[in-house]
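The values are calculated or read from the model by the stated rules, or taken from the named source; none is laboratory data. The shown structure was predicted, so the numbers you read here are calculated from the model rather than taken from an experiment. Heads up, the Cβs are rebuilt from the backbone with ideal geometry, glycines too, and the neighbour counts pull from every protein chain shown.
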Amino acid sequence: MLKLSNISKTFNTGTINEKLALDNLSLVLNDGDFVTVIGGNGAGKSTMLNAISGVWGLDSGSIYIDDCDVTNMPEYKRAKFLGRVFQDPMMGTAADMEIEENMSLALRRGKRRTLKWGITKAEREIFKKELEILELGLETRLNDKVGLLSGGQRQALTLLMATLQKPKLLLLDEHTAALDPKTATKVLELSDKIIRSNNLTALMITHNMNDAIKYGNRLIMMNSGKIVFDVSGEEKQNLTKEQLVELFSAAHGGEFANDRILLS
């Protein structure tokens, strides 16, 4: 479903700030995999997601999504394969547009543009049905401006919009890091529910080890642009926070001081 073959990316090549962000990294995801990704600051997690999205090109290697070679495909063309939710709840939605207008844009993403505009009655019913899943009462607020929503409501809406067309791959880039703990738990539970019910394939970056263990069927740890630990199935289910902390500490030379890793 997703295949990364020996991908490498270096920033600021030839300067004092040269940084090897991805180091000959390979990864294969099967249909329906929900993979949590952990690692310290600068491990290459977001760089990997940006490479998949086409934000920047690779120095070497290849990327396939659903057997399609997207290595040299521009970002806007890759968008038809992907759904993405960022850390900042303000990204992914238009604050000055109504909820139904935002959802309409998401519904039409990747489709041929025409002169015809307007939201049909049938589309409104779709939006209401989808919003009911969030259990936030937004299905009764279709004409509210998105800028009036709380950060948690807005992130939940962004998640729904990112999955409205059932993308080939869902990328969650620390999408709960900016939320308070209660709201973060709610959005994580919604993410898990939407991924499971639609059998989506997903990559979720998190700094919370408990969340990394709890969610998904597979967990990978990154360090210095490489995957240093990969566990799935029953082995992942039996993984404890203490074991993961030990593995993380070993991968980082016993140092936690510079990393935003949450142990609880």
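Quick check on Lys3: is it surrounded by 14 or more Cβ atoms within 10 Å (Cβ to Cβ), free of Cβ contacts under 8 Å to residues at least 24 places away in the same chain and farther than 14 Å from Asp173 by Cα? Show your work before the answer.
Working: surrounded by 14 or more Cβ atoms within 10 Å (Cβ to Cβ): yes; free of Cβ contacts under 8 Å to residues at least 24 places away in the same chain: no; farther than 14 Å from Asp173 by Cα: yes.
It is false that Lys3 is surrounded by 14 or more Cβ atoms within 10 Å (Cβ to Cβ), free of Cβ contacts under 8 Å to residues at least 24 places away in the same chain and farther than 14 Å from Asp173 by Cα.
Take Asp31 and decide whether it is farther than 23 Å from Val231 by Cα and either modelled with pLDDT under 95 or loosely packed, with under 15 Cβ neighbours inside 10 Å (or both). Give the derivation first.
On the way: farther than 23 Å from Val231 by Cα: no; either modelled with pLDDT under 95 or loosely packed, with under 15 Cβ neighbours inside 10 Å (or both): yes.
So Asp31 does not fit the description; no.
Are any residues in the range 122-154 within 18 Å of Ala178 (Cα to Cα), in a loop (DSSP other than H, G, I, E, B) and of a type outside the set (Gly, Ala, Ser), and if so, which ones? Break it down stepwise before answering.
The first filter runs over the range 122-154 and keeps only residues within 18 Å of Ala178 (Cα to Cα), leaving 146-154.
Then keep just the ones that are in a loop (DSSP other than H, G, I, E, B); that gives 149-150.
Answer for the range 122-154, where residues must be within 18 Å of Ala178 (Cα to Cα), in a loop (DSSP other than H, G, I, E, B) and of a type outside the set (Gly, Ala, Ser): just Leu149.
So, restricting to strands (runs of 3 or more DSSP E) that lie completely within the range 1-72, which ones have at least 3 residues that are of a type in the set (Val, Ile, Thr)? Working first, answer last.
Values: elements: 2-11, 19-29, 34-39, 60-65.
By residue number, 34-39.
For Thr13, all conditions in the list (1) within 20 Å of the chain's Cα centre (by Cα); (2) among the β-branched types (Val, Ile, Thr); (3) farther than 18 Å from Leu172 by Cα; (4) surrounded by fewer than 16 Cβ atoms within 10 Å (Cβ to Cβ) hold save one; what is the number of the exception?
(1)
Could you go through the range 168-188 and let me know if any residue there is among the basic types (Lys, Arg) and within 23 Å of Ala79 (Cα to Cα).
Of the residues in the range 168-188, the ones among the basic types (Lys, Arg) are 168, 182, 186.
Filter once more, keeping what is within 23 Å of Ala79 (Cα to Cα): 168.
For the range 168-188, residues among the basic types (Lys, Arg) and within 23 Å of Ala79 (Cα to Cα): present.
Residues of the range 115-149 being of a type in the set (Gly, Ala, Ser) and without any contact (Cβ under 8 Å) to a residue 24 or more places away in the chain, which ones?
As a first pass, look at the range 115-149 and keep what is of a type in the set (Gly, Ala, Ser): 118, 122, 137, 147.
Residues satisfying the conditions are Gly118, Ala122, Gly137.
Check Thr158, Thr201 and return the single one that is on the phi < 0 side of the Ramachandran plot, of a type in the set (S, T, N, Q) and surrounded by 23 or more Cβ atoms within 10 Å (Cβ to Cβ). Please lay out each step first, then the result.
Numbers: Thr201 fails: surrounded by 23 or more Cβ atoms within 10 Å (Cβ to Cβ).
Of Thr158, Thr201, the one residue that is on the phi < 0 side of the Ramachandran plot, of a type in the set (S, T, N, Q) and surrounded by 23 or more Cβ atoms within 10 Å (Cβ to Cβ) is Thr158.
Condition check ((1) polar (S, T, N, Q); (2) free of Cβ contacts under 8 Å to residues at least 24 places away in the same chain; (3) out of contact with any strand residue (DSSP E or B) (no Cβ under 6 Å at 6 or more places or on another chain); (4) assigned to a strand (DSSP E or B)) across all residues:
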{"position": "Ala156", "(1), (2), (3), (4)": "no, no, yes, no"}
{"position": "Met161", "(1), (2), (3), (4)": "no, no, yes, no"}
{"position": "Pro167", "(1), (2), (3), (4)": "no, no, no, no"}
{"position": "Val187", "(1), (2), (3), (4)": "no, no, yes, no"}
{"position": "Asp192", "(1), (2), (3), (4)": "no, no, yes, no"}
{"position": "Met204", "(1), (2), (3), (4)": "no, no, no, yes"}
{"position": "Ala212", "(1), (2), (3), (4)": "no, no, no, no"}
{"position": "Met221", "(1), (2), (3), (4)": "no, no, no, yes"}
{"position": "Ile227", "(1), (2), (3), (4)": "no, no, no, yes"}
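Sort out which residues of the range 73-102 are hydrophobic (A, V, I, L, M, F, W, C), under 16 Å from Thr176 (Cβ atoms) and part of a loop (DSSP other than H, G, I, E, B), and write them in order of number. Let's see the steps before the verdict.
Restricting attention to the range 73-102, the residues satisfying the condition of being hydrophobic (A, V, I, L, M, F, W, C) are 73, 79, 81-82, 85-86, 90-91, 94-95, 97, 99.
Keeping just the survivors that are under 16 Å from Thr176 (Cβ atoms) gives 85-86, 90-91.
Those that are hydrophobic (A, V, I, L, M, F, W, C), under 16 Å from Thr176 (Cβ atoms) and part of a loop (DSSP other than H, G, I, E, B): Phe86, Met90, Met91.
For the range 91-98, state whether one or more residues are more than 26 Å from Glu125 (Cβ to Cβ) and either at pLDDT 90 or above or under 20 Å from the mean Cα position of the chain (by Cα) (or both). Lay out the reasoning, then the answer.
Here is the first cut: in the range 91-98, the ones more than 26 Å from Glu125 (Cβ to Cβ) are 91.
Going one step further and asking which of them are either at pLDDT 90 or above or under 20 Å from the mean Cα position of the chain (by Cα) (or both), we end up with 91.
Yes: one or more hits.
Any idea which of (1) touching a helix residue (DSSP H, G or I) at 6+ places or on another chain (Cβ under 6 Å); (2) within 21 Å of Met103 (Cα to Cα) is the one Thr206 doesn't satisfy?
Status for Thr206: all satisfied but (2).
Hey, does the range 104-121 have a residue that's within 20 Å of the chain's Cα centre (by Cα), of a type in the set (Ser, Thr, Tyr) and part of a loop (DSSP other than H, G, I, E, B)? Break it down stepwise before answering.
Quick first cut of the range 104-121, residues within 20 Å of the chain's Cα centre (by Cα) only: 105-107, 109-110.
Next, from what is left, pick out any that are of a type in the set (Ser, Thr, Tyr): none.
No: the range 104-121 contains no residue that is within 20 Å of the chain's Cα centre (by Cα), of a type in the set (Ser, Thr, Tyr) and part of a loop (DSSP other than H, G, I, E, B).
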